[in-house]
1. Given C-alpha coordinates of region 242-311, what is the ratio Rg to Rh with the Kirkwood estimate of Rh?
2. Evaluate the distance, in nm, between pseudo-label points positioned 7 Å from the Cα of Glu124 and of Ser365 along their respective Cα→Cβ axes.
3. If the viscosity is 1.306 mPa s and the temperature 10 °C, what translational diffusion coefficient in µm²/s does Stokes-Einstein give for region 247-376 when Rh comes from Kirkwood over Cα pairs?
4. Taking the highest mean first, how do the peptides 188-201, 84-97 order by number of other beta carbon atoms within 10 angstrom per residue?
5. Which pairs in the list Lys206/Lys265; Lys197/Lys349; Lys206/Lys268 are over 20 Å apart, alpha-carbon to alpha-carbon?
6. Net charge near Arg514: determine it from the other residues with C-beta under 11 Å of the C-beta of Arg514, scoring Lys and Arg +1 and Asp and Glu -1.
7. Throw me the Rg/Rh for region 80-174, computed over C-alpha atoms with Kirkwood Rh, two decimals.
8. Whole Å is fine, so just give me how far the alpha carbon centre of region 410-453 lies from that of region 302-374.
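Any read-out appearing in this document is the output of simple, stated calculations on the displayed coordinates, not a laboratory observation. The structure presented is a predicted model; accordingly, all values stated were derived computationally and were not measured. Counting neighbours? That spans all protein chains shown, and the Cβs are built from the backbone with ideal geometry, glycine included.
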Amino acid sequence: MSGPSRGAAGNALSDFVEHVANQAAARHRTRAGSTSKPAGTAPPKLTSTGTNKSLEEAVDELSFIDDLGLNTDDGPRVKLRDQLLGNEPGLDGLLRRRLEEGRGEALFEVGYEDNGDSMGFSKEEYEKAYENVVGCLGGLSAQCAVLQTANVDEKAEEVPGDGKGARSKLMVRIVPKSMEELLEIRVAVVGNVDAGKSTMLGVLVKGQLDDGRGKARVNLFRHKHEIESGRTSSVGMEIMGFDSQSQIVTSQAGRKLTWEEIGKKSAKVIAFTDLAGHEKYLRTTVFGLLGTSPDYCLLMVAANNGLIGMSKEHLGIAVALNVPIMVVITKIDMTPPNILAQTVNQITKILKSGGARKIPIFIKSKDEAISTATHFVSDRICPIFQVSNVTGEGLDFVRTFLNILPYHGQFDQNAPFEFYVNDTFSVPFVGTVVSGVVKSGIIHTGDPILIGPDSLGNFISTQIRSIERKRISVPLVTAGQSASFALRRVRRRDVRKGMVVLPKTDDPPPKASRQFVAEVMILSHATTIRKRYQAMLHVGPVSQTCSIIDLDRETVRTGDRALVAFKFVQRPEYILPGDKLLFREGRTKGLGVVKEIDYDENKPLNPGLKVDEMTIEDGSDDEKLTKEQKADLHGKSEKMKYQTATPSSPPTTRK
């Protein structure tokens, strides 16, 4: 019997990825509502037939309709045109709501109706509307920058005149009073080795073009062997700042700005995570994609090589994790036109396949960059840039796109505090420092916390000495922000990557799990997977070898969905239902979501499995058998092996 077609397999993968994303969103909603919702108010979980979603999830996805105010009848609506011209009040309230929705920034269109049509402003009416907007922003401690104009004499790039009235698009941004209000967007940079990842970041961050020999990438490397080989082997971090007037915060007079200076001068920061492209550093790359909780993924593809090697691996992982993807085709200055066309066709074909289901959009103008960035809230859109780090072609479109890039993270400040450790340091005169991303809640300097689990599953009680964001001291951090904590009375050898920081309360201490049940889908595997199979498992920043101890069927293979019970080999970890997981072993990859954090061995996932098969596969039960029973079972298995074996070569006789 032939297996499922490639298109059917791609559709199944896309459906399962969406299912995992819904489960992860439900996890955050459960934690947020655990202290506010009374018991018994949850609707019954009725599973609909023919789909992987429950009715509760489907209804919850449509809950945004209630927030649009379509059914409200609070009286006659005030036209936006009248508010812009000052004939009706409410413009300042509209701008305040837009800024709150965008976490401190918004793309505001002057001269456009809500449906995108032009208001037909004359130049005098446009000037008056623009002045009213600027006046309202002054009261909100915000500033704006003109990105694009039409039928207006401005320095900004003009859209070809169409006679439909003067209009413009403004980037409105609040001037942050402190580092707590700084908007941060995390972007993970992936791609095959020699695709130009570090060079691209060096050009964007430093503001100087490359010389074609790797000059721009040297400042991004962290180790000596990286400089000598020109290849990244660790997780590098770089930031790119935009001020309240959408200007890039760059070096001045040839002097390199520090992170502290960039953070203080910026209103928005793009935090790049430079990941390794070589195959032997795949574990580091997967850790960066899961542990740093990126808002977007920037996939680099060399125009002269195409989408080869680890680029396909990274694209598949990003699609499986449901992270919005941007593609940058580099080295177009040294690539023949026919080779560049082949690379473009290859990328387009892969993105449109059933497994990815992306809509590729090639950015070739500033207008396309602005429009695509505005609508990039959809995971289906995939913008594609063609750049050269030597000549600078296409880099302005990337900078414009990053400036408008909206905040994509889904973090809840009202949920209990949760912080995963991505890295550990020992700083002189400070002590042990841990860095990571705040998943939920809020924490202040001096708050008592618990950090763990250790090798025995216990948590250490300590206190936060100080907090830093982008190397600037802050009194608190909230959900979605990356930060570093200095801990009191904790040695560095007692903390590690993958630990979790939780608030210390009067409730029972948190529980670490050694065994758990997950719903998984096998993305690729050469043969079959059965019990006692081991692979490297990634759950957020947790990376540890796991063994399969139970399945809801005898074997699973590529394309199968199954309930699987895992067991951590080294030590217990802190995980919760709804966490995304990825496991791999060589080319074997599987995607899943945690369903239960406890596994009861007395309640197997497949109760119909024969006792003899369970006894043979599980060596721990052999101790309960007598010697005669062991010999009998061994004889049966040996007899079956000889009966089913096919000789690969004729028997030989001893001379």
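1. Here Rg/Rh amounts to 1.08.
2. 3.1
3. 94
4. Top of the packing list down: 188-201, 84-97.
5. Checking Cα-Cα distances, Lys197/Lys349 exceed 20 Å.
6. +1
7. 0.94
8. Result: 36 Å between the Cα centres.
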